[in-house]
Every structure is written in structure tokens, then in C-alpha cells.
Amino acid sequence: MKKIMSVLLMGFLGLIGTFAWAGSAREDTVDRLQKSVGVLQAVMATPDKGIPEEVLSSAKCILVVPDLIKGGFVFGGKHGRGIASCRTATGWSAPAFVSVGGGSWGLQIGIEGVDLVMLVMNDKGLQHLLSSKFQLTGEGSVAAGPVGRHASAGTDWKMNTETLTYSRSKGVFAGLTLEGAVVQQDDDSTIAIYNKKVPFRRVLSGKIAAPEVTAEFMQAVAAASHQAQVAEAKN
């Protein structure tokens, strides 16, 4: 009898632990969504010190990893977590949750409170992202992004670079060297928001509706993109 009670108690405690983990994962992911909104609003608020309008308006996908240092990415080999959305025929896709780990980082990563923004610029980069796991090699696939209201006419970002990377600290954006990092789907956050493991490709291809809890993030992505397109059209 005692053995049966012990087994039942362990099962009950395990169930509680599962619910507690699910709640914690959801709270953490919602917090990450809100912080990502702040990063995107900063992109819109600092055109002279931020991501060039023509770069942002041309991006096929936007990935935001807020508070990279707090996530312990640099120390202990841990990783940062963020959110991605891609352009579709009907607008921006529902958010997909990503993790970024490993690789060689630029010197700015040592600054406290660094946010990471990654822009996928062409179809080849998009296909890599849709594969749900890929490595940034630095062989034409990733580069530190140009900064300022306009991208330099002499750069080849629009033709050859798959992914442009930026860091943000104290409101200022700067190009970030990010080679060898692995970008892949964050299953824990995906399950926490979608209540199941949804394939990365289905989410980023626009085949999954965005949950209500992600509405503010989706509005921020659309607003940043629209503002960049309007500004570029005026120039």
C-alpha cells in the first residue's frame, strides 16, 4: 500500500512539475515577445543610428533576440532565444521561435544588455531559415549590417549576403560579426505558445494563424516594415 501511495505521489508531483514548467515557459516567451516589440520600436525611432530603410524594407525575414547577455549566451555556452517572422503573400507570418547558439561573436557582445537583430535578405537565406536549423558560415551568407539612414551604395548586401546582423546597446545599433552560429527552432517556446510542436516551415510560410498573445509583436513587425518602405519611397 505504501509503495502504491509513493508511486501515486511521485506521479502527482511530476504532473505539478509539468504544469509549472509549461506556465514558466509561456511567461518567459511572452516576456520575450514584449521585449522584442521594444527592439523593433527602437529600430523605427532611430533612423539615423539604426538599420537603413532600404535594408529593412528589403528584408524577407526579421529575427529579434532580446537581452542576449541575460540569456547567458556568451558565458557557459548557453544560447539566446528570440522570435522570427517572414514576409508572405498576405503579409507577415505568425512568429516562429528560434534559438541562436555557438559561433564567433564580435567584440560588442561583451556589452551588457545587447539585443540581436538578424535580417534575412534573399531567397537562399530564406530557404536556410525554413530548414529549421542552419549555420551561419560567413562565406557570403552572413555579414555585419550597414548602419544609418541609408546603406552605402558600394556594399553588396542586396546581391550576395543572405543574412545581415546587428547588435543594439543603449539605443544604438551597430553591425555585428556573427559567424558559425547555429539558428534553429526553439521547441519549448513553440509548444508554450502554440500548445503543440508546429513545424518551423509551416509557421514562417504563413500557413499558421498568429495566436492572440503575439498580436503586439506582429503589429510592431508590420509597422517597422511599413515605415521603412514609406521612408524609402520618399527618397
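Of note, G175 satisfies the criterion of being surrounded by 15 or more Cβ atoms within 10 Å (Cβ to Cβ) and at pLDDT 70 or above.
When A96, A84 are screened for being modelled with pLDDT of 90 or more, in contact with a Cys (Cβ under 7 Å, 6 or more places away or on another chain) and closer than 19 Å to D188 by Cβ, only A84 passes.
The condition (being touching a helix residue (DSSP H, G or I) at 6+ places or on another chain (Cβ under 6 Å), among the hydrophobic types (A, V, I, L, M, F, W, C) and modelled with pLDDT under 85) is satisfied by just one residue among V43, V114: V43.
Of the residues making up region 115-124, those that are touching a residue at least 60 places away in the same chain (Cβ under 8 Å), of a type outside the set (D, E) and farther than 13 Å from V55 by Cβ number 1. Take D48 and tell me if it is at pLDDT 90 or above, exposed (fewer than 15 other Cβ atoms within 10 Å of the Cβ) and charged (D, E, K, R). Considered against the rule, which asks whether it is at pLDDT 90 or above, exposed (fewer than 15 other Cβ atoms within 10 Å of the Cβ) and charged (D, E, K, R), D48 comes out as no.
The values are calculated or read from the model by the stated rules, or taken from the named source; none is laboratory data. Everything quoted here is computed from the prediction, not taken from an experiment. As a convention, Cβ positions derive from the backbone with ideal geometry for all residues, glycine included, and neighbour counts pool all protein chains shown.
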